[in-house]
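The structure appears below as structure tokens.
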Amino acid sequence: MRLPFPAAAIAALLLVPAAAHADCRAKAIGILEASSPDGAAIYRQARPDFFAGWIDCAEAEYGLPTAVHESTHYVTGETDAFPLVGGGAVPRPHEVSGFMPPWRIARQFGPDSFVDIYLTRGKASSATDFLYLLDELNAYTHDLSAAVDLKALRSHDEVVDHRDGLAALMAFTAAYAEIAREKEPATWRGLQAPGARAAVAALWSQAERVMAASCGIPNYGAEDKAYLGRVCAAGPGSAMAALVGHAPACPAACLAPDVADAGPDEAPEPVRQEAQDDAVTGSLPRHPFAIAAGPRHHRPAHDAGLSARKQPAAGDRPQ
């Protein structure tokens, strides 16, 4: 079980004089290493200058969740595998690139910034290639996981949107599976093939755990409840249940209008609509983590292995 990093140690890092560094990057990475083991693992796998290019000294969290998100894309492109929260990886199932294009599910959702970015043709590869929709699901999972680990850096009175991105991508993935089962038999058969099914199951199951772990943190989402309502509506007879081997877990605590801070060791467990064994997830760890982003701070839609390899120019991000 992960032990929380002592708050006093984090505070000590925050008090490091600015003169000790050319900018805040070394301090920010020190905080990440100390308080977010999973975020630090992504940092170590990515190119250091690429990761550092996303750090934002003007943000309370130094832009670290964004840096983890974008570096997850980078690692995915370099290794041709989705890195998992808690360690390990699952190979990218390239066969899904020939499946139904995700833009087909856009009509299931109202006008929305996430729909506009990720499901609109011409704006991101995730609109035309399911492989990249899975890539975003994984990146937002790591993103929210880091944000939860770094929650001590923000005031609980401040409203942020860390849950929104993962909530949206979970809803998109569930809708994709449902439409495939109903209207695209070739895609549905393909999703049930071993490679595709293993990838979807691993990414979905870790997203469930990460989302549930964030529910005790107040003011961590703006659009999350609408998207999570769709996830909670999926029952044991849903397409996602057929793919992952259990009814989608409903993070009911995230739907409450006001949530108290439960703390990292008291994160609520997701509520399943059907109690089933999670054997389909294999050796994936079963401890709680968390991740996402939101409407005011959308991550750029990246094509893993292409744009993820491009380091932002010095003037593109606050230094």
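The values are calculated or read from the model by the stated rules, or taken from the named source; none is laboratory data. Because the structure is a prediction, the values reported are computed rather than measured. Cβ coordinates were reconstructed from backbone atoms using ideal geometry, including for glycine residues, and neighbour counts include every protein chain displayed.
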Exactly one of (1) over 20 Å from the mean Cα position of the chain (by Cα); (2) among the basic types (Lys, Arg); (3) under 21 Å from residue 61 (Cβ atoms) is unmet by residue 151. Its number?
(1)
Of the residues in the stretch 102-126, those that are without any contact (Cβ under 8 Å) to a residue 24 or more places away in the chain and of a type in the set (Ser, Thr, Tyr) come to 120
Going residue by residue through the stretch 127-144, is there one that turns out to be touching an Asp or Glu at 6+ places or on another chain (Cβ under 9 Å), aliphatic (A, V, I, L, M), touching a residue at least 40 places away in the same chain (Cβ under 8 Å) and part of a loop (DSSP other than H, G, I, E, B)?
no
So which of 90, 85, 96, 160 is under 16 Å from residue 197 (Cα atoms) and not in a helix (DSSP H, G or I)?
90
Note: among 189, 163, just one is in contact (Cβ under 8 Å) with a residue 12 or more places away in the chain and among the charged types (D, E, K, R), namely 163
Just one listed residue, out of 52, 41, 46, is at pLDDT 50 or above, among the small types (Gly, Ala, Ser) and in contact with a strand residue (DSSP E or B) (Cβ under 9 Å, 6 or more places away or on another chain), and it is 41
Residue in the stretch 181-198 that is assigned to a loop (DSSP other than H, G, I, E, B), modelled with pLDDT of 95 or more and of a type in the set (D, E, K, R) present:
yes
Against the conditions (1) small (Gly, Ala, Ser); (2) at pLDDT below 95; (3) closer than 18 Å to residue 202 by Cα, where does residue 60 fall short? Just the number, please.
(3)
Taking the stretch 42-78 as the region of interest, how many residues are surrounded by 24 or more Cβ atoms within 10 Å (Cβ to Cβ) and of a type in the set (Gly, Ala, Ser)?
2
Out of all the residues in the stretch 203-237, which are touching a Pro at 6+ places or on another chain (Cβ under 7 Å), assigned to a helix (DSSP H, G or I) and either of a type in the set (Asp, Glu) or free of Cβ contacts under 8 Å to residues at least 40 places away in the same chain (or both)?
208
Among (1) at pLDDT 95 or above; (2) of a type in the set (Lys, Arg); (3) under 30 Å from residue 199 (Cβ atoms), where does residue 27 come up short?
(3)
